[in-house]
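The values are calculated or read from the model by the stated rules, or taken from the named source; none is laboratory data. Since the model is a prediction, treat every value here as computed from it, not as a measurement. Quick reminder, even Gly has a Cβ in these numbers, built from the backbone with ideal geometry, and neighbours come from all protein chains shown. Ligands, DNA and RNA are excluded from the accessible area calculation, which covers all protein heavy atoms including side chains. Shrake-Rupley method; radii C 1.70, N 1.55, O 1.52, S 1.80 Å.
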Amino acid sequence: MTQVATKTIHFDIVGSFLRPKELKEARSAFNKKEIDQAQLTAIENKLIQDLVKKEIQHGLKTVTDGEFRRSYWHLDTFWGFDGIKHTHQEHGYIFHDIETRNDSAQVEGKIKFNPNHPDLLAFKFLQAQVADNEDVIARQSIPSPAQCYAELVRGPENIAALKSVYGDDLDAVIHDLGLAYHDLILALYEAGCRDVKIDDCTWGMLSDKDFWKLMTDDVDDLQRLQEIYLAFNNEAIRDIPEDLRISTHVCRGNYASSWAAQGGYDTVAKELFGKENVNAYYLEFDDDRSGDFAPLAEVTEGKDVVLGLVTSKKPELEDPAVLIKRVNEAAQYVDLKHLSLSTQCGFASTEEGNHLTEEQQWQKIELVVNTAKQIWHD
């Protein structure tokens, strides 16, 4: 749940929005060198201003820039750190029925925070749009440190690059990457950010028993991997200001309306829900791939859970009665006052976007807001 002023808000979003046609055309022109960076940025600025106005008009109390400046939900952030470069692999990420573009991130030196990190610059512009509005909070979403580590060891070339800089010293990688993230988070805080969401597919992948086969058949190794992911994430968010809300969003893949993994949260619940030092969890629960609500029993008392019951992958609207029923089912494991409703993921985790129209996107948002108001009256 989100606190805005003194009022508790029980409806929310994950953050990315479909890229307008004008933005896609501008980015294409930029890639063809038909316009320069300043011209692209001016178009991004205008469209982000328009988006924020629409978010507020639709009743949202937490707003984002739609990730309009990003190509990917995660890689752009990785490339913004010193010591990490933009590369390409032979293949992209393999989803259920599609393969993504083949961009990747690779270590080229010691990992450090860059004061000109694009996420920091993006947030400063977003914050300026709502700085005088006490009813609205600007949120910055960033991919998790665990997700970054998973990318840095994706494939033999990335592994070799990491070893060339850090050898076999995993603790040094945890320290440097954790510190780079910690410095980014503190820089966001100094810029006025009080809500940082950490997006993380690593736990979703570990929920998929078929995915395990790609990594190891050893259950002890899987447990060790969970501990490593936890160490990366907690290192980044230790000793942060008390008034900075840190949440995490767990997803099983969201690319052009497709998915990458399936399986309930039971295999990761003890580590993720019991030991990750966040204030809230944004969890995918829009279909059977996500399992049931029973693993929520592991959520540390007092933490919030945002139920992603409304899919962002399909245009069809869910039945509000079914949504209300499912929220009440989840309340068997987490007190209703600590629950909220949202879409299961963003509408465009990459610039391609999911297969629905902008009008249908806003209909989904209206469904979330209106249904939540029927459930919670505080």
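List of remarks:
- Modelled this way, with points 7 Å down the Cα-to-C-beta line, the labels at Asp221 and Glu301 are 3.9 nm from one another.
- For Glu108, distant residues with modelled amide H under 5 Å away: Ile84, Lys85
- Span per principal axis, largest first, for the Cα atoms of the stretch 20-159 (Å): 48, 33, 32
- When shorter helices are ignored and each DSSP H run of at least 4 residues is given -39500 (n - 2.57), the per-residue value for the chain at 222 nm works out to -12500 deg cm²/dmol.
- Annotation: per residue accessible area for the chain equals 42 Å², rounded to a whole number [probe 1.4 Å, protein chains only].
- Database remark: amide H of Tyr282 closer than 5 angstrom to the amide H of Thr248, His249, Val250, Val306 (H placed geometrically; neighbours at sequence offset of 5 or more, or on other chains; Pro and chain starts carry no H).
- Backbone phi angles across the stretch 358-369, fed through the Karplus curve with coefficients 6.51, -1.76 and 1.60 (θ = phi - 60°), yield HN-Hα couplings of 4, 4, 5, 4, 6, 5, 5, 4, 4, 4, 4, 4 Hz in residue order; Gly and Pro are listed as x.
- P(r) of the chain over all Cα-Cα pairs, binned every 10 Å from zero, in whole percent: 5, 25, 36, 26, 8, 0
- Sequence-distant residues sharing a close amide H with Asn114 (under 5 Å, placed H): Asp82
- Whole-percent carbon and sulfur share, accessible surface of the chain, 1.4 Å: 49
- Hypothetical label at Glu90: residues of the stretch 145-169 whose amide nitrogen lies under 18 Å (7 Å Cα-Cβ projection): 153-161
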